[in-house]
Amino acid sequence: MKQIFVMFALLLGVCAANAQTTDTVKYAAGNDLYRGITRKLPYRQMVTPYGVEVTFAKTVHIIFPAAVRYVDLGSNHIIAGKADGAENVIRVKATTEGFPGETNFSVICEDGSFFSFNAKYAREPEMLNIEMKDFLENEDTSDFSHTRMNIYFRELGNESPLLVKLIMRSIYKNNDRKVRHLGSKRFGIQFLIKGIYTYNGMLYVHTQTKNSSNVPFDTDFIKFKIVDKKVPKRTAIQETVLDAVRSYNEVIEIAGKSTVRTVYALPKFTIPDDKLLLVELYEKNGGRHQTIRVENADIVNAEVINELKIK
């Protein structure tokens, strides 16, 4: 009887081993790519590349919805780079005439969008000038999972570039006047802050510049800086400059008898009681500069943005 139990146990062990081997073989055949513990990526996680034809004697230009931050080439069969004077255009060209097979290149834009391209040689490419569509033009922002906006940048912290762009666009489209006491008017130029908003630690400033004169106002730069409220004579001015990390509808030239609105995104900051925020608008080759003084109370009382209402 004891021998029967031993033989039965051995038989169960062999069956279990065979079953485990079969399962391992099935797993390896179906998912394991490198004969180790790996899993094959499903197609739904793939960023589908675009097909582009390139040639040796002509240049292909690709226009992107935002400034290009990064370009990576798959091989030395092609070259690519930003077009001179244009941040959102790259030019692509073959370095080898009639190179075989395919190569690829990838592009990351400032708004967080990622584009992948497969490139092959063609003597006469079907398209020489290509415009990549902006996702936001579709007006469908209910599902972020299938969009191209998945790249995060250091200056935005943990915030999605897509969400930052959506917030700025929503503020611009709503065009609400939340603040009525912050402004400057000199030489026919009126510079206003229409609203100050906050979301997830970032600050959004909605400005309006109205040119009542007949002379265009060419913007040199806008500066946000924290300064002391009162500076005694012969004392060095202590100031901290805040760089806007994003802007929406920033216009350089404001024509005569026209009005321009812009939304700026600023990183998280605080203002001590003895300091204030200066927003300065400088005219290029002119003297119609504008300055707005923003108190700490204005920052503390910034309108909190509800992301569910972002359009």
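Data overview
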{"quantity": "Conditions (1) modelled with pLDDT under 95; (2) surrounded by fewer than 16 Cβ atoms within 10 Å (Cβ to Cβ); (3) of a type in the set (S, T, N, Q); number of the one not met by Ser212", "calculated": "(1)"}
{"quantity": "Wholly within region 43-109, strands (runs of 3 or more DSSP E) carrying at least 2 residues that are under 23 Å from the mean Cα position of the chain (by Cα) and not aliphatic (A, V, I, L, M)", "calculated": "68-73, 78-82, 102-109"}
{"quantity": "Filter result (in contact with a strand residue (DSSP E or B) (Cβ under 8 Å, 6 or more places away or on another chain), in a loop (DSSP other than H, G, I, E, B), free of Cβ contacts under 8 Å to residues at least 60 places away in the same chain and open to solvent by 20 Å² or more (accessible area, probe 1.4 Å)) within region 259-288", "calculated": "Asp274"}
{"quantity": "Any hit, region 211-220, residues being more than 26 Å from Gly286 (Cβ to Cβ) and either within 27 Å of the chain's Cα centre (by Cα) or in a strand (DSSP E or B) (or both)", "calculated": "no"}
{"quantity": "Verdict on Phe187 being open to solvent by 20 Å² or more (accessible area, probe 1.4 Å) and touching a Gly at 6+ places or on another chain (Cβ under 9 Å)", "calculated": "yes"}
{"quantity": "Residue list for region 109-127, restricted to those being surrounded by fewer than 20 Cβ atoms within 10 Å (Cβ to Cβ), in contact with an Asp or Glu (Cβ under 9 Å, 6 or more places away or on another chain) and closer than 17 Å to Ala80 by Cα", "calculated": "Asn118, Lys120, Ala122, Pro125, Met127"}
{"quantity": "Residues within region 85-127 that are touching a helix residue (DSSP H, G or I) at 6+ places or on another chain (Cβ under 7 Å) and either closer than 14 Å to Lys58 by Cα or among the acidic types (Asp, Glu) (or both), tallied", "calculated": "1"}
{"quantity": "Number of the exception - Ala244 against (1) over 21 Å from the mean Cα position of the chain (by Cα); (2) free of Cβ contacts under 8 Å to residues at least 40 places away in the same chain", "calculated": "(1)"}
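The values are calculated or read from the model by the stated rules, or taken from the named source; none is laboratory data. What you see is a predicted model, and the numbers here were worked out from it, not measured in a lab. With ideal geometry, Cβ positions are generated from the backbone for all residues, glycine too; neighbour counts draw on all protein chains shown. Ligands, DNA and RNA are stripped out before the accessible areas are found, and what is left, the full protein with its side chains, is counted by its heavy atoms. Shrake-Rupley method; radii C 1.70, N 1.55, O 1.52, S 1.80 Å.
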